[in-house]
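Let me begin by presenting the structure, written as structure tokens, before commenting on it.
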Amino acid sequence: MIILCDMVRLPAILLLLFLVAAGTLAAQSPADSLDPDEILVDATFVPCSDSTESLLILQDGRAVYALGDRGASFSIAGPLLTDLRGVIETAESVVNPKGMDSCSTLGVILDGPRFLLINRKNPTPETRELYIRLERLRKFALKKMTGAIDKYNDQIEQEADSTIVVFPSVAPGEIRRRIRISPIARQWGCNGSVVIAALVTYQGKVRQAVVRRVKVKGKCTALLSVTALRAVLLSTFAPAKKTNGKTIGAWMEVEVPFARMKRPK
């Protein structure tokens, strides 16, 4: 998880949150697990404002990214994914907050789990290579998200195919069981709901997911948008059917609700 925050005591708070997250991540992502649905990188960027960015990359390169109330899924592959994996494999935990201030701290949680606090203004030799990759991925994700929103919004709003008689659906509880709340969202007491548009293939898998509407306030917006995107992306749907009984790919919207979270004591 990457965190850039305006909180005065950010490094200490990050360190505490990392320790809280350690037990959860260790239970969900054992070191010998290569489940493609497991998270490789979990990142949340919080600058000195109320606008946040969040990024999740799964083991197989599928990813979701949100900036404020915009967000979409995309994938990384080939040399980009290979290079990232190579840097992550050699990265070790670095959690010394000395010399960091509220707007130059970069906190990272990698698979393992491993934790790093990085000074964005002056990364150390141990953290510089990872920092460079993460900044590159941040720009790549923003470009991918913008392209996806521009490409798919018109498709989503077009009149539905008249030959479709059964639209995509999802079983009660399917998306809920895919939700994985970040410790930062719990710390902030995030709540609300996010509406995701999903392109469901004829096989019932989600090919593309885009944030359509959010009922979330402030810094929580991107955190819960990414959580909702991932949950929808990993869920299995009943595909749409045409009048002849054949299944077909189609868009659908699904609202992912988040109850108010209790802040850790």
### Task
Take each of the peptides 173-179, 220-226, average the number of other beta-carbon atoms within 10 Å over its residues, and list them starting from the highest.
220-226, 173-179
### Query
To the nearest whole percent, what portion of all C-alpha pairs in region 107-162 is separated by more than 14 angstrom?
69 percent
### Query
Can you list the HN-Hα couplings for region 222-234, worked out from phi with the Karplus curve (6.51, -1.76, 1.60; θ = phi - 60°), rounded to whole Hz and with x for Gly and Pro?
5, 4, 6, 5, 5, 4, 5, 4, 4, 4, 5, 4, 8
### Cα gyration tensor shape for region 136-258, rounded if a/c is under 1.5, else prolate or oblate
prolate
### Task
Please sort 160-166, 132-138 by packing, taking for each peptide the average over its residues of neighbouring beta carbons within 10 angstrom, highest first.
132-138, 160-166
### Message
When the expected Rg is taken as 2.2 N^0.38 Å, what fraction or multiple of it is the alpha-carbon Rg of region 51-183?
### Response
1.32
## Note on the structure
Residue by residue through region 160-165, the couplings from Karplus 6.51 cos²θ - 1.76 cosθ + 1.60 with θ = phi - 60°, in Hz, x for Gly and Pro, are 5, 4, 5, 7, 7, 10
## Note on the structure
Protection proxy (average C-beta count within 10 Å per residue), highest first, orders 87-97, 230-240 as 230-240, 87-97
### Message
Can you work out the Karplus-derived ³J(HN,Hα) for every residue in region 246-252? Use 6.51 cos²θ - 1.76 cosθ + 1.60 with θ = phi - 60°, whole Hz, and x for glycine or proline.
### Response
6, 7, 8, x, 7, 7, 8
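Quick note: the coordinates plus some simple rules give every number you see, no bench work behind them. Remember, predicted model here, so these are calculated numbers, not experimental data. So basically every Cβ, Gly included, is an ideal-geometry build from the backbone, and we count neighbours across all protein chains shown.
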